[in-house]
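Data block below; observations after.
The values are calculated or read from the model by the stated rules, or taken from the named source; none is laboratory data. What you see is a predicted model; the values in this text were computed from it and never measured. Positions of Cβ are backbone-derived with ideal geometry, glycine not excepted, and every protein chain shown enters the neighbour counts.
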Amino acid sequence: MGKTIAIYPGSFDPVTRGHMDIIERASKTVDHLIVGVLVNSAKSPLFTVEERVALLKQVTAQYPNVEIRSFEGLLVDFARASGAHILIRGLRAVTDFEYELQMSQTNHKLSPNVETMFLTTSIEYSYLSSTTVREIAAFGGDVTQFVPQAVAVELEKKMKSTRKKKESVTDE
Ligand code: ADP
């Protein structure tokens, strides 16, 4: 049998300890794990795709079989081009279920060779989302328990620069 290659896709805006938990556990289960960072032009992300990729590279450096790449377009096309037959997704609560079920069934229809595998979240991170982290940071809250240290540092810098931009707009 060949090497098992899996893709863990997402926005990772920014990567949280919940994502890290899934990355760590998935990397132990497959030979090679590609974390696919979605270039999503519809959403306006806080971190650019280059910043999200750089942060992920930094915080996953300790896992030799984890690779970080960005992708555009259909996930199944990215999977095919990468030689991956497995998609990894995290399931936090029942609220994730309907959307994830729809996505996995659609992807399976589009590419019958691709299987989605779900990892259920570790209890301590089941409430955690990138959206919550961005909101806490925007109001100057402490995010260190929710994200890796390097991410907390970058979030603080980001918030400072957006505050400065806002101030200069209101000054004019
Ligand atoms: P998307 O925009 O595709 O939802 P996210 O970056 O928010 O991207 O999430 C990517 C994947 O990580 C999804 O499968 C999501 O369910 C999972 N995930 C997000 N937060 C957590 C968490 N706290 N614990 C486990 N999995 C999570």
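Quick one: in segment 97-118, which of the residues that are loosely packed, with under 15 Cβ neighbours inside 10 Å and charged (D, E, K, R) is farthest from the chain's Cα centre (by Cα)?
As a first pass, look at segment 97-118 and keep what is loosely packed, with under 15 Cβ neighbours inside 10 Å: 97-99, 101-102, 105-106, 109-110, 112-113, 115, 117.
Restricting the remaining residues to those that are charged (D, E, K, R) gives 98, 109, 115.
Details: Glu98: 19, Lys109: 24, Glu115: 19 Å.
For segment 97-118, the residue satisfying everything is Lys109.
Determine the pairs where a residue that is without any contact (Cβ under 8 Å) to a residue 24 or more places away in the chain, located within segment 72-96, has a partner that is of a type in the set (Lys, Arg) and near the ligand (Cβ under 10 Å from one of its atoms) with Cβ atoms under 8 Å apart, the partner being 6 or more residues away or on another chain.
Hits for this filter: zero, empty list.
Taking the condition closer than 27 Å to Lys158 by Cβ and within 15 Å of the ligand (Cβ to nearest atom), does Leu91 pass? Talk me through it step by step, then tell me what you get.
Details: closer than 27 Å to Lys158 by Cβ: no; within 15 Å of the ligand (Cβ to nearest atom): yes.
When the stated conditions are applied, Leu91 does not pass them.
Being more than 13 Å from the ligand (Cβ to nearest atom) and either within 18 Å of the chain's Cα centre (by Cα) or within 18 Å of Pro45 (Cα to Cα) (or both) is the filter here, so list the residues in segment 131-140 that pass it.
Step one: of segment 131-140, the residues more than 13 Å from the ligand (Cβ to nearest atom) are 135-140.
Matches in segment 131-140: Glu135, Ile136, Ala137, Ala138, Phe139.
Answer with yes or no whether Val37 is among the β-branched types (Val, Ile, Thr), at pLDDT 95 or above and part of a helix (DSSP H, G or I).
Working: among the β-branched types (Val, Ile, Thr): yes; at pLDDT 95 or above: yes; part of a helix (DSSP H, G or I): no.
Spelling it out, it is not the case that Val37 is among the β-branched types (Val, Ile, Thr), at pLDDT 95 or above and part of a helix (DSSP H, G or I).
For segment 24-58, give me each residue that is within 11 Å of the ligand (Cβ to nearest atom), free of Cβ contacts under 8 Å to residues at least 60 places away in the same chain and either among the aromatic types (Phe, Trp, Tyr) or surrounded by 21 or more Cβ atoms within 10 Å (Cβ to Cβ) (or both).
Answer for segment 24-58, where residues must be within 11 Å of the ligand (Cβ to nearest atom), free of Cβ contacts under 8 Å to residues at least 60 places away in the same chain and either among the aromatic types (Phe, Trp, Tyr) or surrounded by 21 or more Cβ atoms within 10 Å (Cβ to Cβ) (or both): Val35, Gly36, Val37, Arg52, Leu56.
Tell me which residues, restricted to segment 1-12, are near the ligand (Cβ under 8 Å from one of its atoms) and either within 12 Å of Ile34 (Cβ to Cβ) or surrounded by fewer than 23 Cβ atoms within 10 Å (Cβ to Cβ) (or both). Let's see the steps before the verdict.
To start, the set of residues in segment 1-12 that are near the ligand (Cβ under 8 Å from one of its atoms) comprises 8-12.
Within segment 1-12, Tyr8, Pro9, Gly10, Ser11 qualify.
Table: residues versus (1) loosely packed, with under 11 Cβ neighbours inside 10 Å; (2) within 16 Å of the ligand (Cβ to nearest atom); (3) hydrophobic (A, V, I, L, M, F, W, C).
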residue: Val66; (1), (2), (3): no, yes, yes
residue: Thr120; (1), (2), (3): no, yes, no
residue: Asp142; (1), (2), (3): yes, no, no
residue: Phe146; (1), (2), (3): no, yes, yes
residue: Lys164; (1), (2), (3): yes, no, no
